[in-house]
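Encoded as structure tokens, the structure appears first; notes follow it.
The values are calculated or read from the model by the stated rules, or taken from the named source; none is laboratory data. Bear in mind that the values here come from a model prediction, so they are computed numbers and not experimental data. We place every Cβ from the backbone using ideal geometry, glycine too, and count neighbours over all the protein chains shown.
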């Protein structure tokens, strides 16, 4: 039993060391360079005070690295060619919550229409999507992760 | 039978090899061929204007590839055999938000009843599920990713 | 360089073949045997008609395999020892949406209190969690995937 | 180059082997030591009874292991340096639902402002995030998983 425990502890130590070193090398560069969402949508109508209650889709980006990251977003539509890239700069060690409907270059993303988002970043970032809908005279809120790829 | 299986396996291998190479070339074949949801449900009742406020479950599909993708959906029920395939065609480089309750072949998916969804696509797609519930006189919205497999 | 690429491609092909075969053998046994949620909670209060609008936490289970699956649930609490196993049987090729607060053996899961869930199944299942809250005189709904474990 | 690659592969193999064995030996240490959320936000305003209806962001932590786990949280802001660590102790085999806005050391996390969260734990934990918003005179609730890393 004592031997088994010792072996187990040794194994734990090795495992932690290997993981820590990997982590130490990569530092705080958490995330990936590519993320995808298929459930994009933002209602054109809202009720209540602006801007808190304005219906929207907001891309929540986190850059934990020491360098700025440029996120290139391609917007896929239901009935026409994809549009992009929309470029979002996220400063080092900052979070940026970017309302999709404030993206106007190369063109505004239509409201009341389904879209998909593909993010290609030049460094690792973390992305989540917020949906806020105040059309019904009340607040509906939902958060969505990117789809798990591999 | 053995020959058929061998041929089928050979076809899969070739297909995968081709996809891997294609993917390297084209870049944009994002997603997987199989996705699963266990929390399917759509209320029969709604309040407010149609169709925006109609209670529903909507499958949000994104095909970033250059070829059309056919998604075969099998619907699992609580108390009877699975039903399917329901076929959804997603055009190349398009998003498609498909209300589950608009699927009527081979038969309508019952409202007010739990179901699970297994998606098998003939090419990589991205899938997320939207739930909208206006029964309570207000809007409740939730988004759900497929379960992380592997 | 050319040799290295060839080796790399060979490795990929082998890897894909192995995965395909595994997948072919497992057939429709989708999911995993273990899932975890840390955000469990069910309000004791509700408004509106029962049972549709009763506040709740519901575990949505899908068994795509040809054999029944028994899911053993351990409930972790904030201030006392874990309780379990709660056993849920999911018939072959069926979905089961199990309200947590209908689990009474070995004891009822307290309302208005945080809990975590660990699921250990004797076969692969898919699990997602539904939260419905009608306390506020309106309906709030949220869906949650299990945490992604390796 | 070849030597470096060989070493790297060897390290990966060792690391995987160690992890596999560790997991088999330790049984219930579910989760990971690092988790990330980019969609942090808590409204300053609420309606309805406190504390049930107080708008909030709550970190739901589960420690299934036999030892206490200390979770160090770093909060990333939109316009200034990250702040932390905030330390949360989760007792063995307990769940802890920690309201972000109750964290006051080293400083309170601002309301009505976007933030990101990086969790570094000294043992494996499971983390999910709850969002509750009662600003609109009704309840909106959403749950969010950490982003899938690797």
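Residues in the stretch A:50-63 that are farther than 19 Å from residue A:111 by Cβ and more than 13 Å from the chain's Cα centre (by Cα): none.
For beta carbons closer than 8 Å, sequence separation of 6+ or different chains, a first residue in the stretch C:101-113 that is assigned by TED's automatic domain parsing to the domain that holds residue C:46 and free of Cβ contacts under 8 Å to residues at least 40 places away in the same chain and a second that is surrounded by 12 or more Cβ atoms within 10 Å (Cβ to Cβ) and in a loop (DSSP other than H, G, I, E, B), the qualifying pairs are C:103/C:109; C:110/C:77.
Would you check if residue D:74 is assigned by TED's automatic domain parsing to the domain that holds residue D:136, at pLDDT 95 or above and closer than 21 Å to residue A:93 by Cα? Yes, satisfied. For the stretch C:43-150, no strands (runs of 3 or more DSSP E) sit wholly inside it while including 3 or more residues that are surrounded by fewer than 21 Cβ atoms within 10 Å (Cβ to Cβ) and within 8 Å of another protein chain (Cβ to nearest Cβ).
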